[in-house]
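Encoded as structure tokens, the structure appears first; notes follow it.
The values are calculated or read from the model by the stated rules, or taken from the named source; none is laboratory data. Just so we're clear, the structure is a prediction, and the values are computed from it rather than from any experiment. Here the Cβ positions follow ideal geometry from the backbone for every residue, glycine too, while neighbour counts run over all protein chains shown. Accessible surface areas use protein heavy atoms only, side chains included; no ligands, DNA or RNA. Shrake-Rupley method; radii C 1.70, N 1.55, O 1.52, S 1.80 Å.
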Amino acid sequence: MRLALVCLLPLLLGPPEAVPLLRGDDPSQFELINIGADSIAIADGEIRLIGKPLGYFATKREYEDYVLTFEWKFDRPEGLKSDDEFRGNSGVLLHVARPHKVWPRSVEVQLAQADPGALFTFGDATLRGQVDDAAQKAAIRPVGEWNRAEITCRAGSIVCVLNGVEVARGEKAEPDRGAIAWQSEGKPVRFRDIRIRVLP
């Protein structure tokens, strides 16, 4: 009877809850790589990067199987006539391996306005991936509006959902665990509501 109760316990408790990765307004809760206090600000639940110098902020903890959600947007430049002209760039780095550097061995989910959700690798990281161009164009919101990403990593697979639309997926990621980081890559960018649900 006791064994049966132990086996049923995860079902009774339900799935694990998503927890926020941003707590308070102190940047030291993250590892800052090649950026300093003059490049990052945290206020009103938002992390704001000025985009220079190139670098990133990263979780101090490593993760393997999880669902990561967050929102991001680029500040819309004054006088921008067409989103096609905008060259805003950033990304979220998954499975970041040490040592930290620009850019570390990792898998990137692209956040550039022109190629959102696409999967890339840095260093000798590997991934078999594909992106749906039509889904990208349908999902991305205009420059200056918030976008929502949901990234699921499990057993070496990565699935990226942008504003409720699956835009890319990859398999056989190597490495398949590590820190998570967000890039400062040339243009002002904001992040908020960063949450993670660790998968059993």
Any chance SER39 is hydroxyl-bearing (Ser, Thr, Tyr) and open to solvent by 30 Å² or more (accessible area, probe 1.4 Å): no
Failed item, numbered, when GLY186 is tested on (1) open to solvent by 60 Å² or more (accessible area, probe 1.4 Å); (2) modelled with pLDDT under 95: (1)
Conditions (1) open to solvent by 10 Å² or more (accessible area, probe 1.4 Å); (2) under 23 Å from LYS52 (Cα atoms): number failed by PRO116: (1)
Residue in the stretch 42-60 that is surrounded by the fewest Cβ atoms within 10 Å (Cβ to Cβ), counting only those that are within 13 Å of ASP26 (Cα to Cα), touching a residue at least 12 places away in the same chain (Cβ under 8 Å) and not β-branched (Val, Ile, Thr): ALA43
Residue check, PRO104 over 12 Å from the mean Cα position of the chain (by Cα), modelled with pLDDT of 95 or more, open to solvent by less than 20 Å² (accessible area, probe 1.4 Å) and farther than 15 Å from ALA168 by Cβ: yes
Subset of the stretch 70-93 [assigned to a strand (DSSP E or B) and more than 14 Å from GLU150 (Cα to Cα)]: LYS73, PHE74
Qualifying residue in the stretch 189-200 (condition: in contact with a Lys or Arg (Cβ under 7 Å, 6 or more places away or on another chain), open to solvent by 50 Å² or more (accessible area, probe 1.4 Å) and within 24 Å of PRO53 (Cα to Cα)): yes
In the stretch 61-79, residue nearest to PRO16 (Cα to Cα) [restricted to those that are in contact with a strand residue (DSSP E or B) (Cβ under 9 Å, 6 or more places away or on another chain) and open to solvent by 50 Å² or more (accessible area, probe 1.4 Å)]: GLU64
Tally, over the stretch 130-156, of residues that are farther than 16 Å from LYS73 by Cα, buried (at least 16 other Cβ atoms within 10 Å of the Cβ) and over 15 Å from the mean Cα position of the chain (by Cα): 4
Test: residue in the stretch 164-172 that is β-branched (Val, Ile, Thr) and in contact (Cβ under 8 Å) with a residue 40 or more places away in the chain: yes
Sole exception among (1) in a strand (DSSP E or B); (2) out of contact with any Ser or Thr (no Cβ under 7 Å at 6 or more places or on another chain) for GLN183, by number: (2)
First in the stretch 23-34 and open to solvent by 80 Å² or more (accessible area, probe 1.4 Å), second anywhere and modelled with pLDDT of 95 or more and part of a helix (DSSP H, G or I), Cβ under 9 Å, 6 or more apart: ARG23/GLN29
Residue within the stretch 135-149 that is in contact with a helix residue (DSSP H, G or I) (Cβ under 7 Å, 6 or more places away or on another chain) and either of a type in the set (A, V, I, L, M) or at pLDDT below 95 (or both) present: yes
